[in-house]
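Enquirer: I'd like to ask some things about the structure below.
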Amino acid sequence: MKKYWIALPLALSFVASAQNMTVEFWHTFGDAKRGDWIQARADDYNKAHPGMTVVAVYKGISNETLQATVLAARQGKAPALVQVDGTSSQLALDSGIFQPVSGIKDVDFRDYIKPVVSYYTIGGKVNSLPFNSSSPVLYFNKDLMTKAGLDPKKPPTTFDAILKTCATFDAAKLGMKCIALTPFSWLFEQWMSEQNAQLLNNGNGRQARATASNVDSDAGRKIFGFYKDLNDKGYLTNTGKLADTVGTNAIFGNQKALMTINSTAGLGNLLDAAKQNGFKLGVGVLPIPDGSERNGVVIGGASLWVAKSAPKPEAETALDFALFMTNTENMASWHKLTGYYPVRTSSVNLLRKQGWFSSNPLQIVAFNQLLKTKPNIANAGALTGANIEMRTIIEQNIQKVLSGQGVSEVAKTTNEQINAALLEYNKNFK
Amino acid sequence: MSIVRPRLNPKPSQVDQEARDQAPKAVQDHATFQGRWLPWLLLLPTLLILGVFSYYPAIKTLRLSVFRSNIIVGNEQFVGFENFLTLLSSPIYHQVILQTLVFVGLVVVLGLLFSIGLAWLASKPIPGAKLYRLLLIYPYALSPAIAGTLWLFLFNPEIGAVNSFLGALFGIKPRWLDQPFLAFALVVTATVWKGLGYNIVFYLAAIQNIPLEVMEAAEIDGATPWQRFWKVVLPLLSPMTFFLIFTNIVAALFDSFGLVNILTRGGPVYGEAGITTFLVYQLYEDGFRNFKTGAAATQAVLMLALVVCLIVLQFRYGNRRVHYGA
């Protein structure tokens, strides 16, 4: 009996401290659609868990959020949960301020779609929890296809087929370009993966720090060559700004181009644009370079990281909230809202049961593309802390091809520039 | 910006006279401050703010410029002057410096010419003058991000308003954002346009302060409007021009960032680098996109040196040509 008297205040104080637990979640979605969805999930969670408060804060674009997190961590004030772009995975690892989620508590990752988990598994550990994931697909204007005498049921699936489609389309003289395509490194990376070519050495930077790029290869030259062919034949258009997918989407949405290639996450907006401009939108698999089997797409997007400095109960709450936000129902609703993949098999099954795919057949294309991806090193994606610089280098060099420079010369320069960037980054660790 | 104060007073000689009259009194007034510490105490808030937000970061930057550092990794490796040598021997950086100089030159000259002309016209007593002035000033109220987005939509080569217009009228659709020289001209134009409001406000104020007698005297002497503008108005505006040249140089060097970031992202590639990659954009790319924090600090130091040189030049040679008297 006596013992209870000691235990009671202890228990009370524990409850009191639990009631005060606040977990900050820093994310990168400033737009109302996605930001509000996250806020609603935090509200749901807080309602279901009295005494715990998840505070979702928009901290700017990915780079700004990561930098803010690192600076906060150095002052001992890191948020417990942070959304980090896949591009910055290596940087997040090298910052040393995060802990692998698989070390916090046992998470059953079997429900997650394999390529997605494989993208975030580094050194055998699942470092972060997949959240918003997407891959590129071909968007096309069905009405324009029909008008040009093309079959909208058979969109092109290879580079050659795109060129042929464009030749037919061009001959129909409808007064617009065939494809809106911006110099975009993310697509370059996808096309390397589809050819089972690693972008970087040392197992795409996953076995050891990458020291050299593989861009100056047949696989790389094929991609530069594709841009060149499209451009030389006058099939291609874009705004001229690098990686300006907003611009190419606008061109495509305004029916100034027959096709565009962009993320599945853009589906919602493009459907709106199609409705507004009165055309039927078609979605096809990502067209790939000829002469190789589809090796699958690299998953793009971001994941949720837990700070190392978070005390155990807070880290657990952070992970618990992350798991709640990405649970079966929530991922299904996230997918419906944005076009990002529901990263769980159970969510896919739920959507199927709800008849989502039969009423929205466009969505299934992207899915199959991802489900058919068998994880290997090439489609696990490249890891390096110089990733963002590498992207700029690739995009600038695609632009050089578009302004008339030769493919092999450009591939060589790209390779040299990436290697220099890798060397420079790796010097940080000597 | 407190370094150079434009003097709007039409009769500086009078002011000087008053100042001279007051001078002995000021010496007596010295006793107002009890002790040596009171002035410092009163200065303390300013010094604190300057110290925390200007001097301390500047010293940190100076220190960081001799380290290899990545703010995310959190490393600091002393490399001496390697960062400086790498930068100053890099053909990319050479091109960026050259581009920046051409850009700043064009923005300042075109910007001041246009704004002096527009301010002169807007100062005329015509119906609706107030409305014109408002419209002329308003671009300055837009944030660079919004201005950039606006221009981006206007100059979208396929669906932008400008090319729809040009296409319908002349059957041409210029590639504004990936033809290097067009893109450069576009950024210059956008920056000039963005700065017009600021310059016009100052010029309008200065024009309104030009004494009427002087203008009348010129008129009586038979000067044409053209002559009156060039021989009377322009010299009287020279203190203002002197002030604006300096603020415009600084604005073109530093504030061009927002517009460039949205409109061109430093592109399109020409030679070694993007043709609209100016010093401050290069610094942003290296510091905040690629996280080469040490190299970015080095660039900040070089830019500081550049600004210091400009200030010295301005004070040494600028003052000689400025006409303060009426």
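The values are calculated or read from the model by the stated rules, or taken from the named source; none is laboratory data. This structure is a prediction, so every number in the text was calculated from the model and none was measured. Reconstructed Cβ throughout: ideal geometry from the backbone, glycine too, with neighbour counts over all protein chains shown.
Enquirer: On the given criteria, is A:V297 modelled with pLDDT of 90 or more and over 21 Å from A:V70 (Cα atoms)?
Expert: Criteria met by A:V297.
Enquirer: Now, a different point. Being within 11 Å of chain B (Cβ to nearest Cβ), within 19 Å of the chain's Cα centre (by Cα) and surrounded by fewer than 22 Cβ atoms within 10 Å (Cβ to Cβ) is the filter here, so list the residues in segment A:63-87 that pass it.
Expert: Listed by number, the residues that qualify are A:N63, A:E64.
Enquirer: Moving on. Go over the candidates A:K153, A:K105, A:K173 one by one and state the one that is in a loop (DSSP other than H, G, I, E, B), out of contact with any Lys or Arg (no Cβ under 6 Å at 6 or more places or on another chain), in contact (Cβ under 8 Å) with a residue 12 or more places away in the chain and basic (K, R).
Expert: A:K105
Enquirer: How many residues does segment B:237-263 hold that are closer than 26 Å to A:T384 by Cα and surrounded by 22 or more Cβ atoms within 10 Å (Cβ to Cβ)?
Expert: 0
Enquirer: Continuing with this model, one more query. Of all residues in segment A:384-415 being acidic (D, E) and closer than 20 Å to A:Y227 by Cα, which is nearest to the chain's Cα centre (by Cα)?
Expert: Here the residue is A:E395.
Enquirer: Across segment B:164-198, which residue is nearest to the chain's Cα centre (by Cα) among those that are part of a helix (DSSP H, G or I), over 20 Å from A:L402 (Cβ atoms) and within 12 Å of chain A (Cβ to nearest Cβ)?
Expert: Here is the first cut: in segment B:164-198, the residues part of a helix (DSSP H, G or I) are B:164-170, B:180-198.
Right, trim to over 20 Å from A:L402 (Cβ atoms) and you get B:164-170, B:188-198.
From what is left, the residues that are within 12 Å of chain A (Cβ to nearest Cβ) are B:164, B:167.
On the way: B:S164: 33, B:G167: 35 Å.
The selected residue is B:S164.
Enquirer: Continuing with the same structure: Among the residues of segment A:173-218, how many are within 14 Å of chain B (Cβ to nearest Cβ), out of contact with any helix residue (DSSP H, G or I) (no Cβ under 7 Å at 6 or more places or on another chain) and not aliphatic (A, V, I, L, M)? Walk me through how you get there before you give the answer.
Expert: Kept after step one, since they are within 14 Å of chain B (Cβ to nearest Cβ), are these residues of segment A:173-218: A:174-185, A:209.
Then drop every residue that is not out of contact with any helix residue (DSSP H, G or I) (no Cβ under 7 Å at 6 or more places or on another chain), which leaves A:175-177.
In the following step, the residues that additionally are not aliphatic (A, V, I, L, M) were identified as A:175, A:177.
Number satisfying all stated conditions: 2.
Enquirer: Where in segment A:312-430 are there helices (runs of 4 or more DSSP H), lying wholly inside it, with at least 2 residues that are away from chain B (no Cβ under 14 Å)? So that I can check it myself, show each step before the final result.
Expert: Working: elements: A:312-325, A:328-338, A:345-353, A:356-359, A:361-371, A:377-380, A:387-402, A:407-426.
Qualifying helices (runs of 4 or more DSSP H): A:312-325, A:328-338, A:345-353, A:356-359, A:361-371, A:377-380, A:407-426.
Enquirer: Test each condition in (1) surrounded by fewer than 21 Cβ atoms within 10 Å (Cβ to Cβ); (2) of a type outside the set (V, I, T); (3) on the phi > 0 side of the Ramachandran plot; (4) in contact with a strand residue (DSSP E or B) (Cβ under 9 Å, 6 or more places away or on another chain) for A:L362 and report the one that comes out false.
Expert: (3)
Enquirer: Is there a residue being modelled with pLDDT under 95, surrounded by 18 or more Cβ atoms within 10 Å (Cβ to Cβ) and outside any helix (DSSP H, G or I) anywhere in segment B:127-150?
Expert: Checking segment B:127-150: not a single residue is modelled with pLDDT under 95, surrounded by 18 or more Cβ atoms within 10 Å (Cβ to Cβ) and outside any helix (DSSP H, G or I).
Enquirer: Then there's this: Which condition from (1) surrounded by fewer than 22 Cβ atoms within 10 Å (Cβ to Cβ); (2) closer than 29 Å to A:E194 by Cα; (3) under 19 Å from the mean Cα position of the chain (by Cα) is the one that A:N330 breaks?
Expert: Here A:N330 meets the rest and fails (2).
Enquirer: Residues in segment A:101-109: is at least one surrounded by 16 or more Cβ atoms within 10 Å (Cβ to Cβ), more than 22 Å from A:S346 (Cβ to Cβ) and more than 14 Å from chain B (Cβ to nearest Cβ)?
Expert: No, the conditions are met nowhere in segment A:101-109.
Here is a yes/no grid of residues against (1) at pLDDT 95 or above; (2) among the small types (G, A, S); (3) within 29 Å of the chain's Cα centre (by Cα); (4) surrounded by 17 or more Cβ atoms within 10 Å (Cβ to Cβ):
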position: B:I3; (1), (2), (3), (4): no, no, yes, no
position: B:A19; (1), (2), (3), (4): no, yes, no, no
position: B:T32; (1), (2), (3), (4): no, no, no, no
position: B:L41; (1), (2), (3), (4): no, no, no, no
position: B:L48; (1), (2), (3), (4): yes, no, yes, no
position: B:Y93; (1), (2), (3), (4): yes, no, yes, yes
position: B:A119; (1), (2), (3), (4): no, yes, yes, yes
